[in-house]
Amino acid sequence: MDIKFVSGIELSKHYYQEVVKPILDKEFSGLKYSVALIGWGSEVLGYDTEISSDHHWGPRFLIFLTESEYPELKDKISKVLSEKLPYEFMGYSTSFSKAEENGVRISENITSGPVNHMIDFYTIKSLWKMRLKFDPYQDITVLDWLTFSQQRLLALVSGEVYYDGLGELEKIRSKFKYYPNEVWLYILSAQWTKISQEEAFVGRTGDVGDELGSKVVASRIVYELMKLCFLMEQKYYPYIKWFGTAFGKLDIASQLSPTLSKVLSSSSWKEREKHLVESYKIVAEKYNSLKIVESLPVEASLYQGRPYLVIHADQFAEATRKAIKDEQLRNIKVNIGSVDQFTDSSDISEDPLLSKKMKVLFE
């Protein structure tokens, strides 16, 4: 019998409310805890489909305990759940394989014995330490913000909290919801700088007959414009698999996506430039509407007298940088932005220890 797909967020919510909560209420009456599906997974971002169910997906969530009770209770609660959970819920198995080397677990159908569930136990501090290598109860410094991976921040503030009996989880999540204003301005300025560094090359490469090179440059600019849009709407962007999907949910997407698509499908650099000019105008008008700085020109013009049309992104970068009041940010000599802006390495963005080492670039 075919199982009607239900999103992981909804599946796990019902699993907690209808199955796990009654067990906890009976076996651990008075327990202080919180429950959420956050931290990692396509379902946490809301992008899971039936294909997602082939690995590390199913009835699952995280249970948060107090620092004092965690060492004593995590194994006790896990054992009780293994003994009392049903073998399936809403048509999905509640038991999973042992973790592979990369931590991935696969759904397994069983009919006897204890359930090898995928309910994980943490304290709030231990989850943040694992995902960001950071104590969430500490103040977040400028350099902390600049070396947090957006994908990891997004996964901690997305998903859903099903129950916050500790009274702390939602407060901590709100602390990481988005960059402070001054950090945001610095990152915005850096994003405009990235665009300024390559905007003239779409025409220059095409002018010497390098159409492939022109396409590559144009695709890079499209990518950076999309990142800029996430920043303008104050939304963390996910890693590349879900980048386009998430962009489609931005307010600006309905207006901008058609012109960006035309940039990528253009067969000549002149046509490519024409659609980039249209895209620049949409983005610049949006930026001016934020009133971060005095309005700047939204019409493209020639680049240093050469026959290539650009938005002169360096003007937006400079004006935004001047709006920063924070002394530490003003004293950063390089306009490279956050770790996600100056490196595309998954090894760095997915390893918070490596990300933290990037602080040296700002010193």
Most fluctuating residue given options LEU290, LEU132, LEU260, as computed from a GNM of the chain linking Cα atoms under 10 Å: LEU290
Hey, if we sort PHE28, PHE148, PHE342 by accessible area with the 1.4 Å probe, largest down, what's the order? PHE342, PHE28, PHE148
Taking the simple approach of a point 7 Å from Cα along Cα-to-Cβ for both ASP347 and GLU108, what is their distance in nm? 3.3 nm
Cross-link reach from LYS322 to lysines, straight Cα distance under 28 Å and at least 8 residues apart if same chain, gives LYS175, LYS177, LYS194, LYS227, LYS235, LYS281, LYS286, LYS291, LYS333, LYS356, LYS357, LYS359
Only sites in a loop by DSSP and with at most 16 other Cβ atoms within 10 Å count here; which trypsin sites (Lys or Arg not before Pro) in the range 1-61 make the cut? LYS4, LYS32
Evaluate E = 1/(1 + (r/R0)^6) for LYS325 and LYS129, where r is the Cβ-Cβ distance and R0 equals 35 Å; express this FRET efficiency to the nearest 0.05. 0.65
Helix 313-322 against the longest principal axis of the chain: what's the angle in degrees, Cα atoms only, rounded to the nearest 10? 70 degrees
Against the longest principal axis of the chain, how steep is helix 181-196, in degrees 0 to 90 to the nearest 10, with axes from Cα atoms? 50 degrees
Can you tell which of THR343, THR193, THR123 shows the greatest fluctuation in a Gaussian network model of the chain with Cα springs below 10 Å? THR343
Evaluate the distance, in nm, between pseudo-label points positioned 7 Å from the Cα of GLN234 and of LEU302 along their respective Cα→Cβ axes. 4.1 nm
Reported to the nearest 10 Å², VAL19 has, with a 1.4 Å probe, an accessible area equal to 20 Å²
For the range 1-128, which whole-number percentage of the solvent-accessible area (1.4 Å probe, protein heavy atoms only) is attributable to carbon and sulfur atoms? 50 percent
Taking every other residue with Cβ under 9 Å from the Cβ of PRO114 and scoring Lys and Arg +1, Asp and Glu -1, one gets 0
Kirkwood hydrodynamic radius of the range 1-66, from inverse mean 1/r over distinct Cα pairs, in Å: 13.0 Å
Per the Kirkwood definition applied to all pairs of different Cα atoms, how many angstroms is the hydrodynamic radius of the chain? 22.9 Å
For the range 205-363, what is the per residue volume of the convex hull drawn over the alpha-carbon atoms, in cubic angstrom? 141 Å³
Starting from the Cα gyration tensor of the range 11-115, take the square roots of the eigenvalues, sort them a ≥ b ≥ c, and report rounded, prolate or oblate (rounded when a/c is under 1.5, otherwise prolate if a/b is larger than b/c, else oblate). prolate
Compute the acute angle (0 to 90°) between the alpha-carbon long axis of helix 253-265 and the principal axis of greatest extent of the alpha-carbon atoms of the chain; round to the nearest 10°. 60 degrees
Taking only protein heavy atoms into account and a 1.4 Å probe, give the accessible area per residue of the chain in Å². 48 Å²
For the chain, built as a Gaussian network whose Cα springs stay under 10 Å, the top-fluctuating residue of GLY165, GLY113, GLY39: GLY113
Residue (of VAL115, ASN102, ASN331) at the positive-pole extreme of the chain, dipole from beta-carbon charges: ASN331
Ignoring any ligand, DNA or RNA, what whole percent of the accessible area of the range 214-363 comes from carbon and sulfur when the probe is 1.4 angstrom? 52 percent
In Å, what Kirkwood hydrodynamic radius results for the range 79-222 from the alpha-carbon pair distances? 19.9 Å
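The values are calculated or read from the model by the stated rules, or taken from the named source; none is laboratory data. Not measured: the values here are computed from a predicted model. Cβ coordinates were reconstructed from backbone atoms using ideal geometry, including for glycine residues, and neighbour counts include every protein chain displayed. Side chains included, ligands, DNA and RNA excluded: accessible areas come from the protein's heavy atoms. Shrake-Rupley method; radii C 1.70, N 1.55, O 1.52, S 1.80 Å.
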